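Take a look at the structure below.
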Amino acid sequence: MDQSVSFHKIPPRSFSTITFNSLLLYFISSKSWISGSDTRVLSSCHTIFANPEGKISSPYYPNDYPLSQVCIYDVVRSREGICGIRFTFDSFNLESPDPKDGFCKKDWLAIDSCVPEGGARLCGNMTGGIYEYPFQMKADAFRLVFHSDNSTSHSGFQISYKLLSSCGNGLYWDPPISLIPGLFPSNVPCFTQVSERKGTINSPYYPHSYPNNLDCVYEFMR
């Protein structure tokens, strides 16, 4: 769909209809619907998508996106039976990740909805990729955030999205949780739920070495 937008840097997020009840950190070795069927472009670079499927693109796509840009894309959970969302990367070309650690530090698209950090920032060439994510409990929308730095620009991205009413087989539906070896009883899962306002979390056996092949989840309750 065609969009005519004036792109500028945006203030801190203020889309109050998105609600999150917890934050999940992964260690790996009241519904309020927005009605209508049209894409809504808010002030600055912030777009709300209310259709059950559509396309999301970077500023000026297929031309190069601007430098020093921050854009927000909110895909509305249009009804209560919607459980997840599928993204198909029709075209995706951002600056490559850091060659030392593989992390996206310059230009990236962030999945701003509590998934493992390894999947939270996407960059480089990921054309053809297909990803599915669940909506968080009581969340009214799924948010993507695009960030570009002040150095190099690329052609950006065009992503097809589709809301899902049948879920369960996506990458992040059920967090992978391993059993911690060497503990009694032997079936202790590597899962920690945190309700305190501040404190400390540790990897298994810290400060000693953590075990190999371990998937752990730390859930922070609101």
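On a full-extension model of 0.36 nm per residue, what is the gain between H208 and M137, subtracting their alpha-carbon distance, rounded to one decimal in nm?
Fully extending the segment from H208 to M137 adds 22.0 nm.
Kindly flag which residue pairs out of K138/K198; K55/K100; K55/K198; K162/K198; K100/K162 have an alpha-carbon separation exceeding 31 Å in this structure.
K55/K100; K55/K198; K162/K198; K100/K162
Give me the distance between the Cα centres of the range 126-143 and the range 55-78, rounded to whole Å.
Going from one Cα centre to the other spans 15 Å.
Which whole-Hz ³J(HN,Hα) couplings does the range 86-103 yield from phi under the Karplus relation 6.51 cos²θ - 1.76 cosθ + 1.60, θ = phi - 60°, glycine and proline marked x?
10, 10, 10, 7, 4, 8, 8, 9, 10, 4, 5, x, 4, x, 7, 10, x, 9
Quick one: what does P(r) look like for the range 79-168 with 5 Å bins over all Cα pairs, in whole %?
Bins of 5 Å from zero give 3, 13, 23, 23, 17, 11, 6, 3, 0 percent of pairs.
Using the beta-carbon distance between T152 and F103 and R0 = 22 Å, what value does 1/(1 + (r/R0)^6) give for FRET efficiency, to the nearest 0.05?
Computed FRET efficiency for T152 and F103: 0.85.
Quick note: the coordinates plus some simple rules give every number you see, no bench work behind them. Just so it is clear, the model here is predicted, and its values are computed rather than measured. Here Cβ is always computed from backbone atoms with ideal geometry, including for glycine, and neighbour counts include all displayed protein chains.
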